[in-house]
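Structure first, then comments.
Throughout, read-outs are computed from the coordinates displayed, never taken from laboratory work. What you see is a predicted model, and the numbers here were worked out from it, not measured in a lab. Positions of Cβ are backbone-derived with ideal geometry, glycine not excepted, and every protein chain shown enters the neighbour counts.
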Amino acid sequence: MSHSIKQIQQGLASGEFSSEEITADYLQLIKQHNPELNCFISITDELATQQARAADASIAGGDARALTGVPLAHKDIFCTDGIKTSCGSRMLDNFIAPYNATIIEKINSAGAVMLGKTNMDEFAMGSSNENSFYGPVANPWNRERVPGGSSGGSAAAVAAGLTPAATGTDTGGSIRQPAALCGVTGIKPTYGRVSRYGMIAFGSSLDQGGAFARTAEDCAILLQQMAGFDQRDSTSIDQPVPNYSGDFERDLKGLRIGLPEEYFAEGLDADIARVIESAIDQYRKLGAEIIDVSLPNTRLSIPVYYVVALAECSSNLSRFDGVRFGHRCDNPKDLEDLYKRSRGEGFGEEVKRRIMLGTYALSAGYYDAYYLKAQQLRRLIKQDFEKAFEQVDVIAGPTTPEVAFKLGDKTNDPVSMYLQDIYTISLNLAGLPGMSIPAGFSQGLPVGLQLIGNYFDEARLLNVAHQFQLHSDFHLQKPELNS
Ligand code: GLN
């Protein structure tokens, strides 16, 4: 199906279909295609039907809220009360969350229907969804290709039309990169805009929740319900949430778009460069002024991230010890054996690699050389953006250096896998908002255009994305599903 949230809202309001009907249609599609695509870890059909019935009653009673009756899927990193929340890991395969993440609470109270929990790289570590305990997700455009990661299940589910929209998280690119590889629209807001409470932590100073949908319009609708201050998250920012759809009609005359020279340098696939250049031409036609900018520390972003994120994850993941919750080994000899075997069995290879590297970077004698140095470089990366934003309103470029690669192609080469995030990762280090929107195709696979905004300028990003979508149809194209 190719309904947008907006179309579902209209259909529900006009009585064209009920929430129960449309929810049943989506559940049916998920059951039909999930065996092949593996987008979902859990399908919550009973809950969805219950929520849809309640939504229909609210609509009949004239008290529909912002998302009443709209089916959605959530990345399995968000705690969902009474429902398995695995984070893609064997460690949490048996974990039933005892509470809702703040964004789940907010989306539920806006009346949405939850179809299920989507597949992801274990603890959100990955760029291909191949690190999931539940197996890889297939890219709906080509089943032999990866969907990107770590929110690969959400991106692929939206691309395949198994859900109109989905939540995701982005620590170094995990919303934008899979959005690009699957040909959907994704937004990662400013750090602190969306509560991290109940979102299982990877790199706490980088993690940010956001949304996937087919259109910028739908991303705005979903983000509107997710954003806002939360007392339970100490890094949540207490600043009013603007109307994200409020600026949609604003034209782009005089908009200053910066093109960072470093994003078009060596390493970028030539065909992707062509697609991005033609998207930029489109913006020129819409009245934008294109300005060259420089982000000279871009090349440092991957090494800096792989110190900071790994240091933070080594600390965050120490809570999974087989004692309080999560996987516990059988018949431990003593406490040390319990810790060792529970963690040894519960975590996958990539997670272990990162915990070891992070622990090393934080250890006495190495802290100054690695962690402290990385924090200093992180500041320089942020300053690059601050300088660029003195000249321009948004920055544009490719989301990824290549299109979706083949499953298995990079699993033995972590560094080449890490390089997939070369254009996305610096935004997380700086805390800036970014989007990826479909900009065309190369070898029959989607190409994403990344739009980077200044702090808390999500409304403008959404406006700039929407105006492009008014003049293109890449976001409306859908992969063929096997019948
Ligand atoms: N690919 C990056 C990593 O593996 C980013 C993941 C993310 O954004 N969660 O760390």
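With the simple model of a label 7 Å out from the Cα in the direction of the Cβ, residue 443 to residue 250 spans 3.9 nm.
For the stretch 77-137, the extents of the C-alpha atoms along the principal axes are 33, 21, 17 Å, listed from largest to smallest.
In straight-distance terms, cross-link reach from residue 285 covers every one of the lysines whose alpha-carbon lies under 18 Å from its own, apart from those fewer than eight places away in the same chain; here that gives 253. Straight-line cross-link partners of residue 117 among the lysines, defined as a Cα under 17 Å from its Cα and at least 8 positions apart when in the same chain: 31, 75, 84, 106. A viscosity of 0.890 mPa s and a temperature of 25 °C, combined with the Kirkwood radius over Cα pairs in Stokes-Einstein, give a translational diffusion coefficient for the stretch 158-215 of 212 µm²/s.
Centre-to-centre separation between the Cα atoms of the stretch 128-190 and those of the stretch 261-315: 19 Å. Mean silhouette area of the stretch 220-322, derived from the convex hull of its C-alpha atoms and averaged over all directions, reads 11.1 nm².
Separation of the stretch 1-59 and the stretch 329-380 by C-alpha centroid, Å? When both Cα centres are located, 41 Å separates them.
Relative to the compact-globule estimate of 2.2 N^0.38 Å, the Cα radius of gyration of the stretch 435-483 comes out at 1.35.
In units of the rule-of-thumb radius 2.2 N^0.38 Å, the stretch 406-468 shows an alpha carbon radius of gyration of 1.36. Compared with the rule-of-thumb size 2.2 N^0.38 Å for a compact globular protein, the chain has a Cα radius of gyration ratio of 0.92. Ordering 47, 451 from the fewest to the most neighbouring beta carbons within 10 Å gives 47, 451.
Quick one: dipole size for the stretch 158-250, taken about the Cα centre, charges +1 on Lys/Arg Cβ and -1 on Asp/Glu Cβ, in debye to the nearest 20. Dipole of the stretch 158-250, to the nearest 20 debye: 180 debye.
Between residue 57 and residue 360, the modelled label-to-label distance comes to 5.8 nm, taking each label 7 Å out from Cα in the direction of the beta carbon.
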